[in-house]
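Only one structure is covered here, and it is reproduced in the block below.
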2 protein chains.
Amino acid sequence: MSPPILAKGESPALLALDWGTSSLRAYLLAGPNVELATRHADWGIMNLPPGGFDGALIELCGDWLTQYPVLPILAAGMVGSAQGWSEAPYVATPANAAEIAAHLVQVDGPLRRRVHIAPGVMSSSALPNVMRGEETQILGALELDAGIAATSEQEHLIVLPGTHSKWVRVQAGRIEDFVTFMTGEMYAALRQHTILGRLMLKAEEVIDGDSAGFEYGLDVARQHHGDAGLLSTLFSVRTLGLTERLTSAQLPAYLSGLLIGHELAGAQSQFSSSTAQDGLPLTLIGSRALCERYQRALRHFGFPPSHVLANATQAGLWRLAVAAGLISTRIRSGAGSSR
Amino acid sequence: MSPPILAKGESPALLALDWGTSSLRAYLLAGPNVELATRHADWGIMNLPPGGFDGALIELCGDWLTQYPVLPILAAGMVGSAQGWSEAPYVATPANAAEIAAHLVQVDGPLRRRVHIAPGVMSSSALPNVMRGEETQILGALELDAGIAATSEQEHLIVLPGTHSKWVRVQAGRIEDFVTFMTGEMYAALRQHTILGRLMLKAEEVIDGDSAGFEYGLDVARQHHGDAGLLSTLFSVRTLGLTERLTSAQLPAYLSGLLIGHELAGAQSQFSSSTAQDGLPLTLIGSRALCERYQRALRHFGFPPSHVLANATQAGLWRLAVAAGLISTRIRSGAGSSR
């Protein structure tokens, strides 16, 4: 593996690892938004190479470890779960960067290097909710997004759409509480393993192809969320196909709209007790295409304007490393001035 | 295959076929509730033997056809779908026995025998809903159950729990409207194909083993049906396991309670506009174990007392055959007096 090509004078201050269930991403950072190099492998915690966690780190970043012998290493994500490298127990909400940083767990890594692992966060308001990895993205959003500065007392919603979508209420730099919706995983399970996939075109890209189907799904969900509910509206994916009111090409977008619509209706009711009259301001974190689909849905539902934030993971790992004292002030201020 | 042993003087008046996606059941009937013989094979419409529909009928009932050369044959279920023997288009609600019988479809079967196939029923109130086979069970219930006699103007709910649960409102012998809940199929897909199955014991029978887990699921669904909704409550199957508030043996019953609870909450809101102050009287049709689980859930939700009806399919096929004039009055009254 070839060494990273760094411009003269740029010196990394943190090896930041985003280590999830299905992939490992390594960032060489010189600041919260200063990425000197990045590498990626499919070595999620459920798919490690020979040598396990040590082996994955050596394979992906061994040359960096040799080149920068005192570089601190911080990892976030499922690597800190019971099935991960070392379990980092959940921190309870409300939680800010300092509290999360105080619960990093240490493990001995390769080349006698210590690896710091971030804990997840648990909310226990009504039903327990857990996150691992998202807490770090949220700390990154608080760092990057002037609209949700840690000093602001204004409540704000951060939405992380995906397999298990998270809706997170933040205030004054704290994760106050959050809710999970199994939207992405449900979409895959319903399409691949139930009768609802039968009438659909197979191509995965079809999902983006039909805005009429998508918006019809949103409307049906909004109308029936609180009465018949999802178990019942789902059957319309079949009957609207049987009655030819939707084509096989429209049905995947309809199912997507239906599920995202139920998520939005649920979140709307969940965070409706807020003091903000027109709903809380919203920031989205995730893949560009998915966030844009959610923005369409949010507009359709009448949520306040939202914007999409990139690079939240790197910024969050940086923020945590600073809060934990892993990055010396000298290097930190030096990197900060190079932005 | 040995011939059926019939008591002297008993003469069949109808060969009734319950022909679904995964199985075929044949009844030799002498009255709505007078079953002279029954046979069963795994030859659902998706799993036919060589010779297809003709072959299945000859294999299972060829000797009956020979022995009773003028016996009328009537089939209900997915055999009348687009993937079945011959498509019998849906009849629109409201629909009674006469209207359904008027839309039987005929197909030439083996040994030059004509086979009559029952249509399904479609409701198009809010979203389209369809049934195939259940309409026949409902006609059977109207025949067997004195509490929902066709002459009564009292509204009544018939619930058919299962893969796609149906809640059907009947009045004066008519199917007025109905709603589908994908409860059973969702349970299987979630348990087998999502993260929710991971923390569970594998044994299928565990589902009945824990009433505390089941009732906890019912309560969570009732409390959150109209706000966070199913996509969100589902994640508690994982988090209540992670936090050890439920054991791996309790989780299947909890998931079952959660799904059935969302079904009941949805049905309650769907049929709440009824004139009956304490809710409509309820009849359940289905397997004994599943109906008993639903009865526990219905009691927990405060529905009116319900009872379970057996043999609805046979009675419904008989009722349809009479309405269609397939059974002569002489044989019919003779059979009726032998009850």
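Every number here is computed from the coordinates shown, using simple stated rules; none is lab data. Remember, it's a predicted structure, so these values are computed and weren't measured experimentally. As a convention, Cβ positions derive from the backbone with ideal geometry for all residues, glycine included, and neighbour counts pool all protein chains shown.
Starting from the exponent 0.38 and prefactor 2.2 Å, build the expected Rg for segment B:47-153 from its residue count and divide its actual Cα Rg by it.
1.21
Work out which helices of chain B, taken as complete DSSP H runs, extend at least 18 Å along their axis over the Cα atoms and score a mean Kyte-Doolittle of 0.0 or more, then list them.
B:52-67, B:251-270
Tell me the distances, shortest first, between A:Ser11 and the same position across the other copies, using label points 7 Å along Cα→Cβ, in nm to one decimal.
The answer, with the shortest distance listed first, is 10.7 nm.
Give me the inter-chain shielding for A:212-225: mean count of other chain Cβ atoms within 10 Å, whole number please.
1
What average count of beta carbons from other chains do you get within 10 Å of the Cβ of residues in A:170-181? Intermediate results must be reported in sequence, preceding the final value.
Values: counts 0, 0, 0, 0, 0, 0, 0, 0, 0, 5, 9, 8.
Mean inter-chain Cβ contacts per residue within 10 Å come to 2.
Beta carbons within 10 angstrom, averaged per residue: use that to sort the peptides B:54-63, B:170-179, highest first.
Sorting B:54-63, B:170-179 by mean packing, highest first, produces B:170-179, B:54-63.
So for the protein assembly as shown: antiparallel DSSP bridges make up what percent, rounded to the nearest 5?
65
Mean residue ellipticity at 222 nm from the helices of the protein assembly as shown, using -39,500 (n - 2.57) per DSSP H segment of n ≥ 4 over the full residue count, to the nearest 500 deg cm²/dmol? Show your work: numbers first, answer last.
Working: 22 runs with 248 residues, N = 678.
Taking each H run of at least 4 residues, the total per residue is -11000 deg cm²/dmol.
Give, to the nearest whole percent, the P(r) tail of segment B:88-205 beyond 24 angstrom, counting all Cα pairs. Walk me through the intermediate numbers first.
On the way: 2828 of 6903 pairs.
The proportion of pairs with Cα distances above 24 Å equals 41 percent.
Across peptide A:232-245, what mean number of C-beta atoms from other chains lies inside 10 Å of a residue's C-beta? Spell out each step's value before the answer.
Numbers: counts 16, 6, 7, 12, 5, 2, 6, 8, 2, 1, 7, 6, 0, 2.
So the per-residue partner count for this stretch is 6.
Work out Dmax and Rg for the protein assembly as shown from the C-alpha atoms and quote the Rg first, both in angstrom.
Cα radius of gyration and Dmax of the protein assembly as shown are 30.3, 105 Å respectively.
Taking the simple approach of a point 7 Å from Cα along Cα-to-Cβ for both A:Gln192 and A:Ser152, what is their distance in nm?
Inter-label distance under the simple model: 3.9 nm.
From the label point of B:Ser248, set 7 Å from Cα along Cα→Cβ, how far away are the matching label points in the other copies, in nm, ordered shortest to longest?
Copy-to-copy label distances at B:Ser248, shortest first: 4.1 nm.
State the answer as a single residue: which of A:Ala172, A:Gln314, A:Phe235 lies farthest towards the positive end of the charge dipole of the protein assembly as shown, with beta carbon charges of +1 for Lys and Arg and -1 for Asp and Glu, about the Cα centre.
Highest projection toward the positive end goes to A:Gln314.
In what sequence, highest mean first, do B:286-298, B:223-235, B:129-141 appear when ranked by Cβ atoms within 10 angstrom?
My ranking of the peptides, most packed first, is B:129-141, B:223-235, B:286-298.
Report the extension gain between A:Leu111 and A:Gln67 in nm, rounded to one decimal, defined as 0.36 nm multiplied by the number of residues separating them, less their alpha carbon distance.
Extending this stretch completely gives an extra 14.6 nm.
Across chain B, how large is the tail of the calculated P(r) beyond 31 Å, expressed as a percent of all Cα pairs?
39
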